[in-house]
1. Pick out, from the stretch B:105-210, the strands (runs of 3 or more DSSP E) lying fully within it that include 3 or more residues that are more than 14 Å from chain A (Cβ to nearest Cβ) and more than 25 Å from B:G27 (Cα to Cα).
2. Looking only at residues that are of a type in the set (G, A, S) and crowded, with 24+ Cβ neighbours inside 10 Å in the stretch A:312-338, which one is farthest from the chain's Cα centre (by Cα)?
3. Out of curiosity, is A:T63 of a type outside the set (G, A, S), buried (at least 24 other Cβ atoms within 10 Å of the Cβ) and more than 24 Å from A:S328 (Cβ to Cβ)?
4. Looking at the stretch B:271-286, is at least one residue within 22 Å of B:L26 (Cβ to Cβ), assigned to a strand (DSSP E or B) and not hydroxyl-bearing (S, T, Y)?
5. Mind checking which residues of the stretch A:126-147 are crowded, with 23+ Cβ neighbours inside 10 Å and modelled with pLDDT under 95?
6. How about the stretch A:134-144: which of its residues are touching a strand residue (DSSP E or B) at 6+ places or on another chain (Cβ under 7 Å) and either part of a helix (DSSP H, G or I) or more than 18 Å from A:G71 (Cα to Cα) (or both)?
7. Being at the interface with chain A (Cβ under 7 Å from one of its Cβ atoms) and free of Cβ contacts under 8 Å to residues at least 60 places away in the same chain is the filter here; which residues of the stretch B:46-58 pass it?
Amino acid sequence: EAGPNCNSVAECPVTKARACDLILPHSAVSTPVFMPVGTQGTLKGITVDQLDGLGCQICLGNTYHLGMRPGPDLIEKANGLHGFMNWKKNLLTDSGGFQMVSLVELSEVNEEGVKFKSPYDGKEILLSPEKSISIQNSLGSDIMMQLDDVVSSTVTGPRVEEAMHRSIRWLDRCIAANKNPDKQNLFAIIQGGLNADLRKACLDEMTQRNVPGFAIGGLSGGEEKDDFWRMVTLSTDHLPREKPRYLMGVGYAVDLVVCVALGCDMFDCVFPTRTARFGSALVPWGSLQVKHKQYAKDFQPIDPDCPCPTCKRHSRAYLHALFKSDTSAMHHITIHNIAYQLTLMRSVRQSIVDGRFPEFIRSFMKQMFPSPDQYPSWAVDALASVNVTLE
Amino acid sequence: MAGSRIKLELSRVVQGESRLGVLKGLGRTGQHCLEVPGCLLYSHLGTVPHLTQDTLHTLKNIPAVTQVTLSSVAEHQEVLQEFKGGFKKFAGLHDTVVYCSLHDPAALCPPGYTTNKTVSVWGSGGRIELTVAKFMAIQKTIQPDWYQSMADGETWQSNTSRKRLRKSVDRTLAHLDECLTIHQNSQDLQGVEVFGVVEGGDILEERARSARETAKRPVAGFCLDGFQTGSMDQTLRTQLIKAIAKELPEDKPRLLQGVGRPDEVLACVEAGVDLFEGFFPFQVTERGCALSFSFDISLDPERAGRAPPAVLELNDDETCRAGEGQPNGEVTDGDQTQMTSFEINLKDKRYHDDFRPLVEGCGCYCCVNHQRAYLHHLLVTNELLAGVLLMIHNTAHYIGFFSTLREALANDKLDLLKRRQVILIATSFSVTVTPDGFESAALSHLGMESKHPRVKINMTLIWLQE
């Protein structure tokens, strides 16, 4: 089965980190990569040219939302999601599975699929593996996700096991339903919650399927970080090296750096773009709440070292004032936050290629936290597990 | 103030009233110019609504002058004071001329807060009362290239009494004199120009008096206040502007406040106005609409072999403007948020699968890269990008209109432009001509399937567009 070709460029000799070139239908993607989320066929407030200008090579669209509005038929008529939003690089579509958790009030799961009650007109729709793949085929994304049976990571008991087994069955149904295997890459999603045995069982089964890539799912949902990283590293231990590993829903800077060290290649999260709209700008030492009074007379840019369009032209004080006058204030922060995420990943990749990733990690942590005793213990443990000791 | 550096060079004056030319000497170094008739670039705190520099600069021929309003800036006086570098630098505006107006033309102020010595503006935190002293203190921190003097313009409501109108003229002159005194004694305002403001409501004698008196002061140009869309009908507006123009020097620019609709712009240019505030594209954007009216005067309807164009004559006494959203023909003066016949409403279901650009042949970023169906989707899903793309298109379209307006004046084609304005309804959809007349396709465009507004229509044939 076809690609994406995951060409290894460098491997960190100390951690499990890798730098690869993913060859996808619309362009190459350098990993590790952070993928901004454009749920409804747009990255909130940002044009595709601006996104391209920031160096983004792949972004996300959402099957559940786009399947509702404007619907797969219309998008197919528009030459797929690429044509509809006029994005010339790569697209990854989520299957709609996550909405089962995020919109749990509105959904009901059984072997057939997920029944959703539409929030717009109350109509019931059934999202089955076949339906999800059919919509994603119409969207024409470069990477598609299987429909998985998603349970919140805080759920325990037999439901977790049921969901894990069902996800395997649904993976097979998705593979069978994919009409464009040579143009669209269907990724499997490893489930199993926070249970090592279940995860391992899922890994054993799913890695037997010939899929072009694997996602680590069912995490990043409010579980303890101590459990989180253990499941991530268990997963990467049992995933094939030559295929990309996509850790879903991870986007905080510290999480990204640590999970790259644990062997993950691809990440997505709404956090950077969502928090931007609330005036929160991401910086190497944490974040800056631009709308806060203390920035009213702060005439520096958000980050003096940031080369993004926002920091090149505007001060914190101007942006603070602009939030009272116009929506464009949000766009300025969104651009900055995307630039921050992409720059971070670029630096991570470069340090892996240069063979100095462990030093990068140490200096990153130093910048992010005022002192070593503030380093999150889960991060210290996780990094130690891959041979990186922080002070 | 000695002779101002701003110079209006007129190249044509048509029928003694419409003026074509260039406003030169703008900006501190005097190297900027603005073609006239023209519009200013509307902004919120120096930013064109929804746009960042990247998206703004996809536009060609951006007006050289950005309008900034005291209603957005006043609350930041302390910040600007501490910044010390002036508003332009604060806002990251590098190569533009900044004009500071008192009010935001897209946000009507609640009446009743003007006194003999003060006017009020509304910022994000509420009302800010301004005396001339405070007004001028703020101008010193802003350091615009030019500003309008403080004025009492609370006369746009109908039924303002004669006494009140006389007061507005007197107060505004008093404010102007006080502004000028402070200005002339201020080091910070060296090189900054002042426009006087003509008031007087709908009374001709007061308008003439205000104009005459203001012209005696050493101002660089004139703002015409109290003519906001909805304050009076165009006939009266035209009459009053002509009367004002008679009292003003020919070589100083006239800026009309609060008027932006293309048909009103046209009529006011004919009455002698040079500059307009560029807020109309923003209002169209906010209601999810795209400007689509045709202003292409190179399409000569009188070509041989073609049917003559239909002229939609609006019955004057009904003063009904088709497209005001009132199918029974009632006038909806004064509501600036109402959709006009110059635009298409992209939220309408009909655009759900319309894969054409907003306007065929429009070279703006939105029309080159996106389709009506996508804009429709963005609006239906309340996505922020809708505002960005619409603002780009609407601004481009509006700039293009002014460019054509100047071209029409240069080539004596103003009539053609007027006629295209009048048949603008026919430009945004295709029409079939049936043997016994024509489809009232004009009306279906307005969302009125088979109802007819009370408009007398004289038509011969509708000229098919593309």
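1. Values: elements: B:119-123, B:126-130, B:146-148, B:193-198.
The strands (runs of 3 or more DSSP E) meeting that bar are B:126-130.
2. Pass one, the stretch A:312-338, residues of a type in the set (G, A, S): A:315, A:317, A:321, A:325, A:328-329.
From the residues that got through so far, the ones that are crowded, with 24+ Cβ neighbours inside 10 Å too are A:321, A:328-329.
Numbers: A:A321: 32, A:S328: 25, A:A329: 25 Å.
Among residues in the stretch A:312-338 that are of a type in the set (G, A, S) and crowded, with 24+ Cβ neighbours inside 10 Å, the one farthest from the chain's Cα centre (by Cα) is A:A321.
3. Details: of a type outside the set (G, A, S): yes; buried (at least 24 other Cβ atoms within 10 Å of the Cβ): yes; more than 24 Å from A:S328 (Cβ to Cβ): yes.
It is true that A:T63 is of a type outside the set (G, A, S), buried (at least 24 other Cβ atoms within 10 Å of the Cβ) and more than 24 Å from A:S328 (Cβ to Cβ).
4. Checked the stretch B:271-286: at least one residue is within 22 Å of B:L26 (Cβ to Cβ), assigned to a strand (DSSP E or B) and not hydroxyl-bearing (S, T, Y).
5. Of everything in the stretch A:126-147, just one residue is crowded, with 23+ Cβ neighbours inside 10 Å and modelled with pLDDT under 95, namely A:L127.
6. Within the stretch A:134-144, the first condition is being touching a strand residue (DSSP E or B) at 6+ places or on another chain (Cβ under 7 Å), and the residues that meet it are A:136, A:139, A:141-144.
Those that are touching a strand residue (DSSP E or B) at 6+ places or on another chain (Cβ under 7 Å) and either part of a helix (DSSP H, G or I) or more than 18 Å from A:G71 (Cα to Cα) (or both): A:Q136, A:L139, A:D142, A:I143.
7. Taking the stretch B:46-58 and keeping what is at the interface with chain A (Cβ under 7 Å from one of its Cβ atoms), we get B:47, B:49-55.
Once the filter is applied, which keeps residues that are at the interface with chain A (Cβ under 7 Å from one of its Cβ atoms) and free of Cβ contacts under 8 Å to residues at least 60 places away in the same chain, the stretch B:46-58 yields B:T47, B:T52, B:Q53, B:D54.
Matching residues to (1) hydrophobic (A, V, I, L, M, F, W, C); (2) assigned by the TED database to the domain that holds A:M164; (3) in contact (Cβ under 8 Å) with a residue 60 or more places away in the chain; (4) out of contact with any His (no Cβ under 7 Å at 6 or more places or on another chain):
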| residue | (1), (2), (3), (4) |
| --- | --- |
| A:P72 | no, yes, yes, yes |
| A:I75 | yes, yes, yes, yes |
| A:G83 | no, yes, no, yes |
| A:N90 | no, yes, yes, no |
| A:I125 | yes, yes, no, yes |
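The values are calculated or read from the model by the stated rules, or taken from the named source; none is laboratory data. None of the values given here were measured: they were computed from a predicted structure. Positions of Cβ are generated from backbone atoms using ideal geometry, with glycine treated the same way; all protein chains shown enter the neighbour counts.
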